[in-house]
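Worksheet: one structure, shown below.
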Amino acid sequence: MKHFRQLTLAVVATLAIAPAFAQEITGPDTSGKKFAVVGGYTLAEPTKNPMIAGERTNVDGDGAATLSANYYITDNIAIEAWGAADKFGNRVRTPNGKVASVDTQPYALSGQYHFGNTQSIVRPFVGLGYFEANTDGEKAEPTGPLAGQHIGVETAKGAIATAGVDVNITPTWFARADVRYMHDTTGQPNVTVDGANVGKAELNPVTVGVGLGARF
């Protein structure tokens, strides 16, 4: 996905230079602010393409709106609830073309460490937590090899790692860019066709997002 690669490069470059800016530039004082909410847009791309019914598949990525809420235990330690406000649509292809589609909607709870202090204009952060990705809308292509059959995909669950950066604009408003990696640690969700197990939906997606936040 071209847009995913472009946004990934931009966010990675921002994360790479953020520590230097965090040390050298001071900005609005955000001390005393315990809560933050962020609305943004995120692109998700699977890092693995699973074997389904003996064939290697290719699963497309997609973009969706996301929301997060943070509670700051201290100026540096926070708890974040993050999730997709809409569903990511994933098309499933084989060498013979598109065979199915499925929607995913991940949500996660993480602990975070924010570098710098309350007067840093640029504040990188890292996080680690637990995610689940609900799946629904499984559909077979009407003219494909799975036409007329019922497809099911179990919920993915596991660990999520986050790296990001906040850029403080005012004591209340800030911009955010982040990268997240979701790794299914349950043995991968089963994929069924008409009730029969035909493979594992091991996608382990990476997401890249940007957003605007408010702190209060």
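Here are a few things to note about the model shown:
- Relative to the current alpha-carbon distance between residue 192 and residue 71, full extension at 0.36 nm per residue lengthens the span by 39.6 nm.
- With respect to the chain, whose longest principal axis is taken over its alpha-carbon atoms, helix 2-24 is tilted by about 20°.
- Choice from 50, 142, 124 showing the highest fluctuation, given a GNM over the chain with Cα pairs closer than 10 Å: 142
- Listing 77, 121 from fewest to most neighbouring C-beta atoms within 10 Å gives 77, 121.
- The simple spin-label model puts a point 7 Å past each Cα toward its Cβ; for residue 173 and residue 109 those points are separated by 3.3 nm.
- Counting charges near residue 213 (Lys, Arg +1; Asp, Glu -1) among other residues having Cβ under 9 Å from its Cβ returns a value of +1.
- Dipole moment magnitude, nearest 20 debye, the range 2-215 about Cα centre, only Lys, Arg, Asp, Glu C-beta charged: 300
- GNM top mover of 153, 122, 193 - the chain, alpha-carbon springs below 10 Å: 193
- Working note: 222 nm ellipticity from helices only, DSSP H runs with n ≥ 4, each -39,500 (n - 2.57), summed and divided by the residues of the chain, gives -3500 deg cm²/dmol to the nearest 500.
- GNM flexibility winner over the chain from 183, 150, 114 (Cα, springs under 10 Å): 150
- Counting every other Cβ atom within 10 Å of each residue's Cβ, 186, 66 order from fewest to most as 186, 66.
- Remark: the Cα gyration tensor places the chain in the prolate category, a/c being 1.5 or greater and a/b exceeding b/c.
- The overall shape of the range 90-141 is prolate: from the C-alpha gyration tensor, with semi-axes ordered a ≥ b ≥ c, the ratio a/c is 1.5 or greater and a/b exceeds b/c.
- Our estimate of slack between residue 134 and residue 58, defined as 0.36 nm per intervening residue step minus the Cα-Cα distance, is 25.4 nm.
- Taking the fewest neighbouring Cβ atoms within 10 Å as the starting point, the ordered list for 203, 43 is 43, 203.
Here, each number is a calculation from the coordinates, and none is a lab measurement. This one's a predicted model, so the numbers in the text were calculated from it and none came from an experiment. For neighbour counting, all protein chains shown are included, and Cβ atoms are generated from backbone atoms with ideal geometry for every residue, glycine included.
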